[in-house]
Amino acid sequence: MLYLSLVVLLPLSALFLRATGSGWHQVWATVTDPRVLAAYRLSFLASLTGALINAVFGLLVAWVLVRYDFPGKPLVDGLVDLPFALPTAVGGIALTTAYASNGWIGKALAAVGIQAAFTPLGIVIALTFIGLPFVVRTVQPVLQDLDAELEEAALTLGASRGQTFFRVILPTLAPAVLTGFALALARALGEYGSVVFISGNMPMKTEIAPLLIMTKLEQFDYAGATAIAAVMLAASFLLLLAINLLQGWAAGVGRRA
Amino acid sequence: MDRNELPLLRWLLTTVALGFLALFLLVPLAVVFTQALRGGVLTYLTAIREPSALSAIGLTLLTAAVAVPSNLAFGVAASWAIAKFEFPGKHLLLTLIDLPFAISPVISGLMFVLLFGSHGLFGPWLAQHGVQVVFAVPGIVLATIFVTFPFVARELVPLMQAQGLEEEEAALALGAGGWQTFWHVTLPNVRWGLLYGVVLCTARAMGEFGAVSVVSGHIRGLTNTIPLHVEVLYNEYNFTAAFAVASLLVLLALITLAAKKLVIWRSGRDAGAGAPTRG
């Protein structure tokens, strides 16, 4: 497992060593700088919004893919993974072109007075794109294995379709939806490639945390970049822990259903 | 279940779901190809055959040629150890394998700058020996190995675990050696998962942007990979060329998706049933 230590552990320890090496005071001063705080806030809020959109629409897409039949379904199902397979930079320039005020969708949005590209909304769009497969792919298998008897029992006992969905189906799917949501959130927090093109990168306004790390690096402010990164890493690890717990819970619910 | 569903509701839900996917998946895909071919096929080919584009393609292929075999070897070894043996720290190993997925690509790149950069941990020593890692090809390769590290192992671990030990034990009982068992029993059993892991790893190795961007230094014709070249062209407002080069990566992505379908079909299992692979 030497390879693992060399490839994963060594770089990671270098980062923490460096972050603490410059002294806690300096780290604290860097991460509480208004511009950094604004970037953290934007990264978090935009990622949260994107993940929420994906939770709702991902559930819907999974539902449609599992329960309904329509022409071209295998193709649509395959396409869901596109954000995993497409390099983020390519996704970024394509989304920017589509949602810019002279793009296909941007034009329609501009007509109703909404500017998407180069605003926080653009960031949300990019983060929704890259997180799209997570909820669909976590919910799909659970929905497939969902016991039809349970639903039929509820219906036979006089529950309406709405009641059956909210009281029987949704609680069973909840852990999977939450896991997908958390995965999408984790991915969105660190995302760089797809966001930098569409965001416009204005300090305090549309500057996400990973971009700020990049900016600090270009100014050779290694200590600053490392401090920002250390906070983000800590957040990712907490989220990773939460995801592991969620997956354990999801497996438990799956067994009971 | 379908029989008592309201047709109107069904139609509505399907339309909304497909509309959402069209807006976020189909439109970007269409944009790449229409923009790439806007100047005609000739302009498209010129953009791809331009020297700096060719050198970007070459560097990307080189990077993948180093990163994929390294991670393939590790992935097979690690998943074999995890699935077939018991040892202390197994859970920790599984968590560590997933780690690169949890780390922002920019931070991944930053870690290598901190290790090998001129102010880094090993920087001064490397400089004395005339080796440049960061802002050079070795840095790009290392960062790529890091971000593509989990793909093969993650595909293989659940597969090998599901297969259990019976077939291996039978082979060993019948007198096969350890290596023979591995080559003729273990590996063929997981070949489709292995193939998909390699495809995913390759696609990511060729398409990685954030991490490579940090360590590359963006030297045109020297340390630009395909995604970085796309960025440079785009920022120079050379949109047609940017999308032409980007379309190569889109084709790669579509091949990845097709490979996944093929693997599911051939192995007769639902590859989407496991934890989703993060790309």
Item to check | Scan of segment B:101-112 for residues that are at the interface with another protein chain (Cβ under 7 Å from one of its Cβ atoms), modelled with pLDDT of 85 or more and in a helix (DSSP H, G or I), ordered by number | outcome: B:PRO105, B:VAL106, B:ILE107, B:LEU110, B:MET111, B:PHE112
Next on the checklist: Between a residue in segment B:9-22 that is polar (S, T, N, Q) and any residue that is surrounded by 12 or more Cβ atoms within 10 Å (Cβ to Cβ) and not in a helix (DSSP H, G or I), which pairs come within a Cβ distance under 7 Å, given they are 6 or more apart or on different chains?
Outcome noted: B:THR14/A:TYR68; B:THR14/A:PHE70
Checklist entry - Which condition does A:VAL90 not pass, out of (1) buried (at least 21 other Cβ atoms within 10 Å of the Cβ); (2) more than 18 Å from the chain's Cα centre (by Cα), if it passes all the others? => result (2)
Next on the checklist: Given the options B:LEU114, B:LEU92, name the one that is out of contact with any Pro (no Cβ under 8 Å at 6 or more places or on another chain) and under 17 Å from A:LEU12 (Cβ atoms).
Outcome noted: B:LEU92
Next on the checklist: With the condition being over 30 Å from B:SER213 (Cβ atoms), I'd like the helices (runs of 4 or more DSSP H) fully within segment B:136-199 carrying at least 2 qualifying residues.
Outcome noted: B:150-163, B:166-173, B:178-181
Checklist entry - Would you call A:VAL56 surrounded by fewer than 18 Cβ atoms within 10 Å (Cβ to Cβ) and over 30 Å from B:ILE145 (Cβ atoms)? => result yes
Next on the checklist: Return the pair list, or none, for Cβ contacts closer than 9 Å from residues in segment A:229-242 that are at the interface with another protein chain (Cβ under 10 Å from one of its Cβ atoms) and in contact (Cβ under 8 Å) with a residue 24 or more places away in the chain to residues that are among the polar types (S, T, N, Q) and part of a helix (DSSP H, G or I), at least 6 apart or on different chains.
Outcome noted: A:ALA230/A:THR20; A:MET232/A:SER43; A:LEU240/B:THR95
Checklist entry - Give me the pairs: first residue in segment A:9-34 and closer than 20 Å to B:ALA102 by Cβ, second residue part of a loop (DSSP other than H, G, I, E, B), beta-carbon distance under 7 Å, and six or more apart or on different chains, which are they? => result A:ALA14/B:LEU121
Checklist outcome for this item: A careful count of residues in segment A:166-220 that are within 11 Å of chain B (Cβ to nearest Cβ) and more than 22 Å from the chain's Cα centre (by Cα) gives 6
Item to check | Residue that is farthest from A:LEU211 (Cα to Cα) [pool: residues in segment B:113-123 that are part of a loop (DSSP other than H, G, I, E, B) and within 7 Å of chain A (Cβ to nearest Cβ)] | outcome: B:LEU121
Next on the checklist: Going by what's in this entry, would A:GLY72 be described as more than 11 Å from every other protein chain (Cβ to nearest Cβ) and free of Cβ contacts under 8 Å to residues at least 40 places away in the same chain?
Outcome noted: no
Checklist outcome for this item: Of (1) under 21 Å from B:THR34 (Cα atoms); (2) at pLDDT 90 or above; (3) of a type outside the set (D, E, K, R), A:SER101 satisfies every one except (2)
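Listed here are the residues, each with its yes/no results for (1) in contact (Cβ under 8 Å) with a residue 24 or more places away in the chain; (2) aromatic (Phe, Trp, Tyr); (3) surrounded by 16 or more Cβ atoms within 10 Å (Cβ to Cβ).
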| residue | (1), (2), (3) |
| --- | --- |
| B:ALA78 | yes, no, yes |
| B:ALA83 | yes, no, yes |
| B:PRO88 | no, no, no |
| B:ASP98 | yes, no, yes |
| B:SER108 | yes, no, yes |
| B:PHE112 | yes, yes, yes |
| B:LEU121 | no, no, yes |
| B:VAL134 | yes, no, yes |
Checklist entry - Among A:LEU217, A:LEU211, A:LEU246, A:LEU183, which is the only one that is of a type in the set (A, V, I, L, M), closer than 20 Å to A:PHE16 by Cα, buried (at least 18 other Cβ atoms within 10 Å of the Cβ) and touching a Ser or Thr at 6+ places or on another chain (Cβ under 8 Å)? => result A:LEU211
Next on the checklist: Take the residues in segment B:200-257 that are assigned to a loop (DSSP other than H, G, I, E, B) and surrounded by 24 or more Cβ atoms within 10 Å (Cβ to Cβ); name whichever of them is nearest to the other protein chains (Cβ to nearest Cβ).
Outcome noted: B:PHE209
Item to check | Residue check for B:THR46: of a type in the set (Ser, Thr, Tyr), part of a helix (DSSP H, G or I) and either within 9 Å of another protein chain (Cβ to nearest Cβ) or within 29 Å of A:PRO133 (Cβ to Cβ) (or both) | outcome: no
Checklist outcome for this item: The number of residues in segment A:81-111 that are within 7 Å of another protein chain (Cβ to nearest Cβ) and not in a helix (DSSP H, G or I) is 3
Checklist outcome for this item: If we keep only residues of segment B:145-169 that are touching a residue at least 12 places away in the same chain (Cβ under 8 Å) and over 18 Å from B:ARG191 (Cα atoms), then the residue surrounded by the fewest Cβ atoms within 10 Å (Cβ to Cβ) is B:ILE145
Checklist entry - Given the residues A:THR32, A:THR88, A:THR49, which is the only one that is among the polar types (S, T, N, Q) and at pLDDT 95 or above? => result A:THR49
Checklist entry - Residue check, A:PHE118 against (1) assigned to a loop (DSSP other than H, G, I, E, B); (2) within 7 Å of chain B (Cβ to nearest Cβ), all met but one. Which one? => result (2)
Checklist entry - With respect to the numbered conditions (1) buried (at least 21 other Cβ atoms within 10 Å of the Cβ); (2) within 7 Å of another protein chain (Cβ to nearest Cβ); (3) more than 27 Å from B:LEU200 (Cβ to Cβ), which one is the sole condition not fulfilled by A:VAL64? => result (3)
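The values are calculated or read from the model by the stated rules, or taken from the named source; none is laboratory data. In this text, all values refer to a predicted model and were calculated from it rather than measured experimentally. As a convention, Cβ positions derive from the backbone with ideal geometry for all residues, glycine included, and neighbour counts pool all protein chains shown.
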